[in-house]
1. Condition first: among the polar types (S, T, N, Q) and within 16 Å of ligand 1 (Cβ to nearest atom). Now tell me which residues in segment 169-205 satisfy that.
2. In segment 178-194, how many residues are under 19 Å from the mean Cα position of the chain (by Cα) and either in the same structural domain as F122 (by TED's automatic domain parsing) or crowded, with 21+ Cβ neighbours inside 10 Å (or both)?
3. What are the pairs with Cβ atoms under 6 angstrom where one residue, in segment 30-53, is under 12 Å from I66 (Cβ atoms) and the other, located anywhere, is hydroxyl-bearing (S, T, Y) and in a loop (DSSP other than H, G, I, E, B)? Sequence gap at least six, or different chains.
4. In segment 198-250, how many residues are in a helix (DSSP H, G or I), in contact (Cβ under 8 Å) with a residue 60 or more places away in the chain and farther than 20 Å from G171 by Cα?
5. Identify all residues within segment 119-129 that are buried (at least 24 other Cβ atoms within 10 Å of the Cβ) and touching a Leu at 6+ places or on another chain (Cβ under 6 Å); write none if there are none.
6. Here's a check for you: in segment 62-81, which residue that is crowded, with 19+ Cβ neighbours inside 10 Å and within 16 Å of ligand 1 (Cβ to nearest atom) is nearest to the chain's Cα centre (by Cα)?
7. Would you confirm whether any residue within segment 26-41 is farther than 28 Å from D82 by Cβ, part of a loop (DSSP other than H, G, I, E, B) and either away from ligand 2 (no atom under 12 Å from the Cβ) or modelled with pLDDT under 95 (or both)?
8. Just to be sure I understand, how many residues within segment 82-103 are away from ligand 1 (no atom under 16 Å from the Cβ) and surrounded by fewer than 21 Cβ atoms within 10 Å (Cβ to Cβ)?
Amino acid sequence: MSELLIHQFPCLGDNYGVLLHDEASGQTAAIDAPDGQAVLDALKDKGWSLTHILVTHHHADHTQGIGAVTSKFDCKVIGPTDTMSRVPSIQQGVDDGDSFDFAGHSVRVIGTPGHTLDMINFYFADQGVVFTGDTLFAMGCGRIFEGNPSMMWASLQKLMALPADTVIYCGHEYTQANADFAMSVDGGNPELQKRVEIVKALRAAGKPTLPTVMQVELDTNPFLRAGDAGIRKNLGMENADDAEVFAEIRGRKDNF
Ligand code: ZN
Ligand code: FE
């Protein structure tokens, strides 16, 4: 199976855009369209022509660039079925459990409601890559705007079940702030302490901290570590269930 080329670029304040390109067929997909001009510039940089836009959720910082891009490229816009009424440029609706083809690669749709109810993530199993939108961030997870904590916890567990070497691209560079919060609930975790230094150095050099890898998140992302004895002890929640611990961590981050 041929390997897709992946190009990540920062845009807006702290968003990431991502392009996926298949050399053999020339097909190129954008994950979301946070900023139309930035997507067009990235395509020009790479010399790629856009054929697909894969939309994770309805928020403007993921969809507002679609019109600018589709006015230049005749591309297929695939997104959550729930969102087709709000974002009429979506031509093909997909839902949790669906699969579709991109350049000969099967793309699995994973519904991860919580940040929004319509959120979907795109898993390219043959590439070992997942695009998590605003569900899972490096050392963080999306703020819960439309769902509830138990829904978000169930969504994160679906992602946690992916292979540990899965490469994760997400919608935002929030890693430094997430690291500061992670230290407040899991400061004794040596893997976290090491990662905090790596992140500091990357940001000081103006470099992205993404993509990340599932095993690194399992080891250092407090939102995936509701079952961890150390975090539970720090929170005084040794006997709570994982969803309650997750809800407590999410609530603390909202007020951090
Ligand atoms: Zn969002
Ligand atoms: Fe966002």
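The values are calculated or read from the model by the stated rules, or taken from the named source; none is laboratory data. Predicted model, so just to flag it, every value in this text is computed and none were measured. Please note: Cβ atoms are built from the backbone with ideal geometry, for glycine as well, and neighbour counts cover all protein chains shown.
1. N178 - this is the single residue of segment 169-205 that is among the polar types (S, T, N, Q) and within 16 Å of ligand 1 (Cβ to nearest atom).
2. To start, the set of residues in segment 178-194 that are under 19 Å from the mean Cα position of the chain (by Cα) comprises 178-179, 181-182.
Filter once more, keeping what is either in the same structural domain as F122 (by TED's automatic domain parsing) or crowded, with 21+ Cβ neighbours inside 10 Å (or both): 178-179, 182.
Of the residues in segment 178-194, 3 are under 19 Å from the mean Cα position of the chain (by Cα) and either in the same structural domain as F122 (by TED's automatic domain parsing) or crowded, with 21+ Cβ neighbours inside 10 Å (or both).
3. Cβ pairs passing all conditions: D32/T56.
4. Here the count works out to 5.
5. F122
6. Of everything passing the filter in segment 62-81, H62 is nearest to the chain's Cα centre (by Cα).
7. Yes: segment 26-41 contains one or more residues that are farther than 28 Å from D82 by Cβ, part of a loop (DSSP other than H, G, I, E, B) and either away from ligand 2 (no atom under 12 Å from the Cβ) or modelled with pLDDT under 95 (or both).
8. 15
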